[in-house]
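Only one structure is covered here, and it is reproduced in the block below.
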């Protein structure tokens, strides 16, 4: 079974998710935005062996420490979609703007819709979900009914679209056409804040609830 530890990092309190295979104790570090010491401590305390770094999108608070974590453990970086290349090439500048250290990087593997990722004995599907950024991806493990959605969707909110190359129409399509079909019972870990389920957001989210969008 796939399990998750959530480590809030950086002044943005971004959810760095450590997804791990319960059988093998191998782990993927998802969206290490910073505070590498906290991430490393969480891995050690849980007795996990990191084998991958996965990135949902190229904003500083999600990708700023990816190069550092990858280098520290000798790990490959996978993701996001190639449309976020412009963000990965400006991480150092994003860091300077917010007074944080960050390093540019290129992933070993870009991710696209329909790709699969693996950690230990577990497999996740990749869903390209533009809108917050053009290259944003969501990761989903069907067996555990768990998704990591970065800054696409939150408990009671949705991702910003006023940042470079954000697009509200794309974001709404990503949520309703890519996330909702996965199932109402799916629990998702957002990039910030508490987990929720897709079903709960379809009932009560003030931006994408079914009754607001004429969906039943």
Inside segment 25-52, can you point out the residues that are touching a helix residue (DSSP H, G or I) at 6+ places or on another chain (Cβ under 6 Å) and touching a residue at least 40 places away in the same chain (Cβ under 8 Å)?
29, 31
What tally of residues in segment 180-195 results from selecting those that are assigned to a loop (DSSP other than H, G, I, E, B), in contact (Cβ under 8 Å) with a residue 40 or more places away in the chain and surrounded by 14 or more Cβ atoms within 10 Å (Cβ to Cβ)?
4
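Per-residue answers, yes or no, for (1) at pLDDT 95 or above; (2) in contact with a helix residue (DSSP H, G or I) (Cβ under 6 Å, 6 or more places away or on another chain); (3) closer than 30 Å to residue 50 by Cα:
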| position | (1), (2), (3) |
| --- | --- |
| 123 | yes, no, yes |
| 133 | yes, yes, yes |
| 150 | yes, no, yes |
| 157 | yes, no, no |
| 167 | yes, no, no |
| 181 | yes, no, no |
| 193 | yes, no, yes |
Considering only segment 17-30, I want to know if a residue exists there that is farther than 19 Å from residue 140 by Cα and either crowded, with 21+ Cβ neighbours inside 10 Å or touching a strand residue (DSSP E or B) at 6+ places or on another chain (Cβ under 7 Å) (or both).
no
The lone exception for residue 86 - which of (1) under 19 Å from residue 160 (Cα atoms); (2) under 17 Å from the mean Cα position of the chain (by Cα) it fails
(2)
Any residue at all in segment 167-175 that's in contact (Cβ under 8 Å) with a residue 40 or more places away in the chain and touching a strand residue (DSSP E or B) at 6+ places or on another chain (Cβ under 6 Å)?
yes
Output the residues belonging to segment 53-78 that are farther than 11 Å from residue 32 by Cα and out of contact with any helix residue (DSSP H, G or I) (no Cβ under 9 Å at 6 or more places or on another chain).
71, 74, 78
Take the conditions surrounded by fewer than 15 Cβ atoms within 10 Å (Cβ to Cβ) and in contact (Cβ under 8 Å) with a residue 40 or more places away in the chain and apply them to residue 153. Does it pass?
no
May I ask you to list the residues in segment 85-106 that are surrounded by 22 or more Cβ atoms within 10 Å (Cβ to Cβ), in contact (Cβ under 8 Å) with a residue 40 or more places away in the chain and more than 19 Å from residue 152 (Cβ to Cβ)?
102
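The values are calculated or read from the model by the stated rules, or taken from the named source; none is laboratory data. The structure displayed is predicted, hence computed values, not measured ones. Virtual Cβ from ideal backbone geometry, glycine too; neighbours counted across all protein chains shown.
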